[in-house]
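Q: Sharing a structure here in structure tokens format.
We did not get these values from a lab; they are worked out from the coordinates using the rules stated. No experiment lies behind these values; they were computed from the predicted model shown. Virtual Cβ from ideal backbone geometry, glycine too; neighbours counted across all protein chains shown.
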Amino acid sequence: MPSDDYIPRTQTEVLGLRRIVVALTVAALSLSLVPGALAQEDRVVLIVGLTQNWDTLNPNAGYLVSEWEVWTLQYSGLTTFDNDLEIAPDLAESWVGSDDGLTWTYTLREGLLWSDGTPLTADDIVWNIETSIEQEWWNHIETTENLTAVATDDRTVVVTSAVPDPNLPSLSFLVFPRHIWEPVATDADTAATYDALDGVGSGPYVLQEYRPSQSVTMVANPNWSGWEGSDPGVDEIVFRYFGNADAMVSALQRGDIDAANIPGSAVATLENDPNIEVVAGFQGGWEQIAINGGMGAMEPHPAMMDREVRRAMAYAVDTQAIVEDLWYGNGEEIHVINPSINPKWTPEVDPSLQFAYNPATANEILDNAGYRDTNNDGVREMPDGTNPLRIRHIVNTNTDLGQSIGELFAGWMEAIGIEVELVALDSDQTGTVIAEGDYDTFHWGWTPSNNPSGMLSVFISDEIEAWNDANWYDERLDALYEAQRIELDEAARISQVHEAVSIFTEAVIYIGMVSGAELNAYRSDRFEGWVRQPTDDGPIMFTMSSPSYALLQPVAAEPAPTTTVPGTDTTAPGSATTAPTGTTPADDGGGANWLLIGGLAAAVAAVTALIVSRRRSEDERE
Amino acid sequence: MVCFNFFLFRIVQTDPLAHMFRGRNIPRELQENLRAAFGLDQPLFTQFLYYLRETFTLNLGVSYHSRQPVWSEIMARLPATLALLGSSALLAGIFGTMGGIVAAWRRNTWKDRFITSGTMVFYSLPDFWLGMLLLVGFSVVLGWLPIGGMGTIGVTLTGLPAVLDYLKHLTLPAMTLTIAYLGEYALVTRSSLLEVMSEDYLTVARAKGLRDRVVRNRHALPNALLPVVTLAALNLGFILSGAIAVEAVFSWPGLGQATAQAIRGPDFPMLQGLFLLFSASVILFNLFADVLYLYLDPRVEEV
């Protein structure tokens, strides 16, 4: 009976378990007390939080706003946009046009250098234009497809357009460094699969490090040619991805980050913080309830094709309620689409087309048009007494407000005798049914670009079954669209665009339109000098040319805590000729990962071995 | 499994390219070229055959989103997921089993009720919600731990500070998953141990005059832990699929987040690659559990 033998051993075993528990708890607690930073360094770091991830940093493969912000900083164009979205010099300091407006001669700034010290010449520009056409770079082709370019000397480029192009002389396409890209982008495929982490550019900041799903770090370009009066006060910009918007807002409040694009729900909290400024900026984008115009592949409920019904529906939608309740007041009701970010392209709206919420008027219109509820079931029928007005509204589950707006819309329609069935689909499926015309109404939105052609093209007959999400067209609009594409006189072009937009507005296809603000927030105790684009009411980040970053200065009184960095200074930008080189995805986090994984694997192996060996030893004893 | 993965994602009738083009004015010709480059102009069956051929040669294809090989995209995110899910699985296993032992041995006492109901509550909570609560508590209110991510941004750390910084970031997500999965281990251990405790051989052991602890640790536990080992092995198989919601809450750059990102689009090659990996790991660890049984359970050897 070996009981005496057993007792101390079991006690140690139990003690052993307790020790593990205690040790783990102590380790966890002590970990939380380790200070984050250990030493100081004079590097000014701006950290911007965002909730959109990056797919790639190659402009020939990506298209997301998060990616554009990086490219806009790294790659200058021949021209850029000033704060009012008008053409401004960038790599080119001046330009002269020919009489027919087809040929433009650009003069580059003197002494341009890429961030790695290589001279930037007219050859770079010509190579970009020619290669973007040949290899179909998808963010360039829209601008360059009709162009030919010749370098007459190192600083002069002559660009000729095969067709009259009213966008010229604006050429803001991203100019890639030929000496880096030519060896890697040998055809369309390699141009898109190149990882583009070289970190060589001509803009104010260039890529230093990319950690997928975590962060993008950019450093000041020592060779940047600069804009008038700008002297970048930020050495390093870090874009930090958050999988969770609430966590990002907390990080801003805590001072972990300096600025962020925030959700509407966070505005009330942040506005009470004395160190945080909230900026509501407009860039022309809007959301609408779109009615099927009935000219697509499939037909909607016949009532949708009657403009009187559409007018009644417009009166029945309480757009102000959407602004107040769903946008928390951070939006505005609009009555006409914005074909461009630049407000000069948006026409005035006739008061008769501004449908202020009035269900009584809506009911009256339907009564007069003969849509009556003949069987008293609460739902109106067609004027011939058949086909009750039961419609299908598509809720795009990938939009923030889709579900709420769908429910509100159903209620508003019920009040005027139209029954709404809500159909929930994701963005991709919604896009498919819209192209097929297989819906009565849906809620979604558009964000226009600077050039009004893109937005107008949505509503032309050629785009039916493709981009035309109105499933409606008008030959007059088709003609105006074609005319404005080649109209070189800006005043004439503006009036053509205004007329085209007005024709669309008269059709009453989009109702309940809200232009939602993009909400930026920044810590006013860290950096100052943020500028809006457009000047009056635009956002301060993620804009057309994002001019803020190069203009920021740290707030003098208190050095930003984000500048506390430990130890070495190896990451500081070098002299004018040494390049801040881009690196491959970071491996320090990864290294710690592998360390931990190794430990875990060892632990699992040890436990397994222990169990097996104990089993064996018991077997042997038996 | 390989075939299933291909058709699973094609059931949804969506065009991966439509997503890329939305809101952009791209020449029709270029759209067609891209469609051809992705092989989307081919009939579904041709796409399938191509997929089979490439999968068997371990070519998982190129992601539609990043245009990088799927294999390297997955490998870049694998360590983060292994570290997070591995550490929480280990901790949940250890603490859950210990809790289950105490609960069974002291059944119907306050300890039992505390452990059983406590772990059940946490097991029933949605893990992302638990994560949000912990985030608010430890990061926002107390400010002890960082708000998500895998490392402090904007600083360059090396050596021990880097490891400590990393562990600080790991603490909250790992704690969330540990707490969430404690219940599973505790309940399985408890019921299995209770079953063993009614066996005659334990009465014999007690009759021999052995101490309570000896009876528990040397006689009852080895048999009671068999189902727990199975559970642990099965859970290890699911480690790779990550914790989509928890990774999102804590911005942890692992495979769970990659999966969520790939569904937007959809990025077929990436989804297929991920699910191939997930299914392979489940199958592998099931096999591991079976083999482990050979050693643990003498009865299996006889078969």
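Q: Ordered by packing density, taken as the mean number of other Cβ atoms within 10 Å over each peptide's residues, highest first, how do A:79-92, A:359-372 rank?
A: Packing proxy ranking, top to bottom: A:79-92, A:359-372.
Q: Using a Förster distance of 41 Å, how high is the FRET efficiency between B:Met120 and B:Trp71, based on the Cβ-Cβ distance and rounded to 0.05?
A: About 0.50, to the nearest 0.05.
Q: Could you work out the mean count of beta carbons from other protein chains within 10 Å of each residue's beta carbon in B:247-254?
A: What the average comes to for B:247-254 is 6.
Q: How do B:287-295, A:242-250 rank on mean C-beta neighbours within 10 Å, highest first?
A: A:242-250, B:287-295
Q: Work out from phi, with θ = phi - 60° and the Karplus expression 6.51 cos²θ - 1.76 cosθ + 1.60, the ³J(HN,Hα) of each residue of segment B:211-224, listed in order in whole Hz, and give x for Gly and Pro.
A: 5, 3, 4, 5, 4, 5, 6, 9, 10, 7, 4, x, 7, 6
Q: Shielding of B:163-171 by partners, i.e. mean partner chain Cβ atoms within 10 Å per residue?
A: Average neighbour count from other chains, rounded to a whole number: 6.
Q: So the label point goes 7 Å from the Cα of A:Asp325 along Cα→C-beta, right? Which residues of segment A:394-414 then have their backbone N under 12 Å from it?
A: Output list for this probe position: A:404-413.
Q: What is the sum of charges, Lys and Arg at +1 and Asp and Glu at -1, for the other residues whose Cβ falls under 9 Å from the Cβ of B:Ala103?
A: In short, +4.
Q: Shifting gears a bit: At a Förster radius of 25 Å, what calculated FRET efficiency corresponds to the Cβ-Cβ distance of B:Glu199 and B:Leu294, to the nearest 0.05?
A: Rounded to the nearest 0.05, the efficiency is 0.65.
Q: Give me A:Arg254, A:Arg485 ranked fewest to most by other Cβ atoms within 10 Å of their Cβ, as a rough exposure proxy.
A: If I rank by nearby Cβ atoms, fewest first, I get A:Arg254, A:Arg485.
Q: While we're on this one: Report the calculated FRET efficiency for A:Asp123 and A:Glu499 (r = Cβ-Cβ distance, R0 = 35 Å), to the nearest 0.05.
A: The pair A:Asp123/A:Glu499 has a calculated efficiency of 0.25.
Q: What's the ranking of A:125-135, B:197-207 by average number of surrounding C-beta atoms within 10 Å, highest first?
A: Descending packing order for the listed peptides: A:125-135, B:197-207.
Q: In addition: Let me know the mean shielding of B:123-132 by other chains, meaning the per-residue number of their Cβ atoms within 10 Å of its Cβ.
A: 1
Q: Counting other beta carbons within 10 Å of each residue's own, what order do B:Val121, A:Val158, A:Val420 fall into, fewest first?
A: B:Val121, A:Val158, A:Val420
Q: Could you list A:Thr374, B:Thr97 so that the one with the fewest beta carbons within 10 Å of its beta carbon is first and the one with the most is last?
A: Fewest-to-most ranking of A:Thr374, B:Thr97: A:Thr374, B:Thr97.
Q: Which aspartates and glutamates have a Cα less than 17 Å from the Cα of B:Lys168, not counting those fewer than 8 places away in the same chain?
A: Straight-line reach from B:Lys168, under 17 Å: A:Asp256, A:Asp588, B:Glu247.
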